[in-house]
Amino acid sequence: MSTLEIIASLREIGVVPRLQDGNLKLVGKTAALSAELLAAVRDGKAKLLAFLEESQADTRQEQITPITQQAHYPLTPSQRRMWVLSQFDGGNQAYNIGNGFYLQGEVNATVLEEAFRVCIAKHESLRTTFAEVAVEPVQVVHDELPFALEQTTLVGSADVKAALRQEYSALYHHQFNLEQGPLMQVKLIHLGGESHALLFNMHHIISDGWSVGLLVQEVMGYYREKCLGNSITTQALSIQYKDYAAWLAEKFDGSFGQKAKAYWQGKQLEGVEPLVLPYDRPRPQQTTFAGASTRMYLSPSQKEALDQLARQQHTTLFNLYRALLSLTLHKVSGQDQLILGTPIAGRSVMQLHDQIGLYVNTLPLYSQITSATPFTAYLKELSRDSLDTFNYQDYPLDRIIEV
């Protein structure tokens with residue numbers, strides 16, 4: 001097993017390899033270590049130590065520094081893509097991120113609104129709008145943007161659940177004005193008694209899935225402290241999104257950009273035909289952004305069987321699912337070359353872990369399927385490819401397409 005395969009296998013069972021005083025230490029669910037994986041760790045200990053030392057050095061060196069204040073700032077490639085797509089009919093609403101959850105108990109709306117205001121003051125992304133300067137889209141950071149917690153009640157509604165679905169749909173399909181802002185809406189709905197629903201909607205150009213979780217965590221934390229009679233204190237962020245945008249542009253112009261470009265050029269993705277499936281209706285001539293999603297749930301026994309197979313093959317569930325999905329699409333379409341798109345957090349630097357903003361990136365995962373290749377060999381091939389590809393997770397999809 002390679003060093004990266006060992007690390008991936010350890011993480012899959014909840015074990016993290018760490019460097020402590022120059023020694024290798026395994027932290028987490030070490031009881032789940034199989035004899036085979038433990039032997040692989042022992043055999044590859046020297047390489048593991050070298051890898052961890054190098055990674056630690058890279059982490060220390062990879063620092064984003066604040067830039068000087070300006071009237072406006074360049075967009076990241078992901079923001080630029082969102083900006084362009086939002087100019088199309090329906091494109092703006094297609095990139096809304098809606099979410100919501102139930103609150104049980106008495107809710108102090110005034111304190112809740114204050115908690116959101118504190119979060120908005122902390123994160124510049126929540127105070128950002130977009131404009132065009134010399135035909136170029138730019139982001140503008142404001143000292144303040146208007147925000148108000150919307151409130152309504154569904155008490156007395158004949159069907160509260162149906163009415164709540166309508167409220168969520170209306171909020172989710174709100175069309176944000178990227179130039180005026182704000183680009184976040186929050187609504188508190190009284191359902192009856194001490195039951196409430198808190199719905200919120202943000203435009204993807206200032207947020208992503210990670211950011212949504214962070215927003216909820218921070219707001220609820222501020223709300224709890226205020227309700228306990230404590231003053232709300234926040235720790236200033238070391239950087240903001242505009243600093244990340246400048247750092248990313250500089251990174252692309254350096255050695256990372258050259259290596260990433262060479263890596264993606266070697267993939268030769270332009271020769272892969274688009275996936276053709278036996279659709280139940282013709283594909284529209286123009287993009288409509290209309291669509292839906294469906295979910296499939298595995299039983300506990302199915303999940304355990306897949307976990308066991310992944311452990312046996314020293315890979316992750318992600319790679320196993322990738323292999324199974326690729327083979328399924330191959331069977332349905334008859335195509336031997338496939339590209340799957342996968343979102344990735346894009347927060348390779350520790351400073352980005354507490355940031356609200358658009359950091360997520362989409363990576364194309366290429367695979368070629370041949371009937372002569374055994375499944376285990378195919379799975380190992382995909383596992384290596386995933387590890388290689390994730391090394392370039394900061395390289396934006398737009399540039400990959402240009403390559």
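For SER333 and ASN391, FRET efficiency with R0 = 35 Å and r from the beta-carbon atoms, rounded to 0.05?
Taking R0 as 35 Å, the efficiency between ASN391 and SER333 is 0.75.
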21 Å Cα-Cα threshold exceeded, pairs from LYS25/LYS45; LYS25/LYS380; LYS187/LYS242; LYS47/LYS261; LYS25/LYS47; LYS45/LYS303: LYS25/LYS380; LYS187/LYS242; LYS47/LYS261; LYS45/LYS303
Cα lying deepest toward the dipole's positive end in the chain, options GLY291, GLN265, LEU52, charges on Cβ: LEU52
FRET efficiency, LEU269 to ALA131 (Cβ-Cβ, R0 30 Å, nearest 0.05): 0.30
Loop-located chymotrypsin sites (Phe, Trp or Tyr not before Pro) in segment 236-290 whose Cβ has at most 10 other Cβ within 10 Å (DSSP): TYR279
Degrees between helix 209-227 axis and first principal axis of the chain (Cα, 0 to 90, nearest 10): 50 degrees
Cα-projected label distance for PHE88 with LEU298, points at 7 Å along beta-carbon direction, nm: 3.3 nm
Within the chain, helix-based [θ] at 222 nm, where runs of 4 or more DSSP H residues each add -39,500 (n - 2.57), nearest 500: -13500 deg cm²/dmol
Sequence-separation-based contact order of the chain, relative, with Cα cut under 8 Å and 6+ spacing, percent: 20 percent
Chain lengthening between ALA163 and GLN175 when straightened (0.36 nm per residue, less Cα-Cα): 2.3 nm
Å³ per residue enclosed by the Cα convex hull of segment 145-235: 129 Å³
Net lengthening on full extension, GLN70/GLU36 (0.36 nm per residue, minus Cα-Cα): 6.6 nm
Crossing angle, helix 300-312 versus the chain [Cα axis fit, 0-90 degrees, rounded to tens]: 40 degrees
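Where nothing but the Cβ of Lys and Arg (+1) and of Asp and Glu (-1) is charged, how large is the charge dipole of the chain around its Cα centre, in debye to the nearest 20?
I would put it at about 900 debye.
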Whether segment 73-239 is rounded, prolate or oblate, judged on the alpha carbon gyration tensor where a/c under 1.5 counts as rounded: oblate
For segment 248-269 and segment 85-153, distance of Cα centres in Å: 33 Å
Cα shape, segment 246-332, gyration tensor, a/c 1.5 rule: oblate
Most mobile listed residue (SER301, SER255, SER34) in the chain, GNM with C-alpha springs under 10 Å: SER301
Estimated FRET transfer efficiency (THR234, THR110; beta-carbon r; R0 22 Å; 0.05): 0.70
Partners for LYS259 among lysines (Cα-Cα distance below 22 Å; same-chain residues under 8 apart left out): LYS251, LYS267
Amide N proximity, segment 76-110 versus THR153 label position 7 Å along Cα-to-Cβ, cut-off under 18 Å: 103-110
GNM top mover of GLN258, GLN351, GLN175 - the chain, alpha-carbon springs below 10 Å: GLN258
With Cα atoms, 0 to 90° folded angle of helix 241-252 axis to the chain main axis: 30 degrees
Whether segment 81-132 is rounded, prolate or oblate, judged on the alpha carbon gyration tensor where a/c under 1.5 counts as rounded: oblate
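The numbers here are math on the coordinates, done by the rules we state, and not lab data. As the structure is a computational prediction, the values presented were derived from the model and not from experiment. Methodologically, a virtual Cβ is constructed for each residue, glycine included, from the backbone with ideal geometry; neighbour enumeration extends over all protein chains shown.
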